[in-house]
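Throughout, read-outs are computed from the coordinates displayed, never taken from laboratory work. The structure displayed is predicted, hence computed values, not measured ones. Ideal geometry is used to build each Cβ from the backbone, glycine not excepted, and the neighbour counts take in all protein chains shown.
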Amino acid sequence: MGLASPNQKTSKREARVLSLEILSCTEFNEYFDKVMNEYLDHLDPKPAHTTWEFASGLVTYIWHNKEELDKRIQSSLKNWDIGRIAKLDLLLIRMALSEVALDWTPPKVAINEAIELAKIYSTTESAHFINGVLDPLLSDELSVKK
């Protein structure tokens, strides 16, 4: 999927895909700032400013709050260890939780986006699994924002 040029209007979906790509790189690398800068340097065409702002803000939030996010995820898993979750699925769950925590995206939209991205980049089973994890985690926010 190509990213929009800086003078094109972009969607949050593009920013989410960019976030997922960056998070995939940072998940296995301890040099967060270097990964972020090098990733942007190698993108051609460059993403629109709003796309990059959304993606880098989301990735930065996740990077700095990974432990807290993972504790929250682990607390919702029944008879399952977070270490057994496919990395891509875990990244999508973290992204959805973070978008809601930042108050950037309504809970239902965050869940739906995570599911749709899982269908594209992971598996149908992953989409069901992600929904099963996110729904109870975001149920409080869902009831408050109805």
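Descriptive notes on the structure:
- Exposure proxy shown here: for S76, S126, the number of other Cβ atoms within 10 Å sets the order, fewest to most, as S76, S126.
- Rounded tilt (10° steps) of 32-42 against the dominant C-alpha axis of the chain: 50
- On Cα atoms only, tilt of 87-101 relative to the major axis of the chain in degrees: 90
- Three-way shape call for segment 72-126 based on the alpha-carbon gyration tensor, with the a/c threshold at 1.5: oblate
- Cα lying deepest toward the dipole's positive end in the chain, options I120, V35, L88, charges on Cβ: I120
- Within segment 45-92, the trypsin sites (Lys or Arg not before Pro) that combine a DSSP coil assignment with at most 16 other C-beta atoms in a 10 angstrom radius are K78.
- Once both labels are positioned 7 Å from their Cα atoms along Cα-to-Cβ, the gap between E30 and D81 label points is 2.2 nm.
- Taking the helices alone, the chain has a mean residue ellipticity at 222 nm of -23500 deg cm²/dmol, built from -39,500 (n - 2.57) per DSSP H run of at least 4 residues and averaged over all its residues.
- Between helix 49-76 and the chain: long-axis angle, C-alpha atoms, 0 to 90°, nearest 10: 20
- Relative contact order, percent, the chain [alpha-carbon distance under 8 Å, six or more residues apart]: 22
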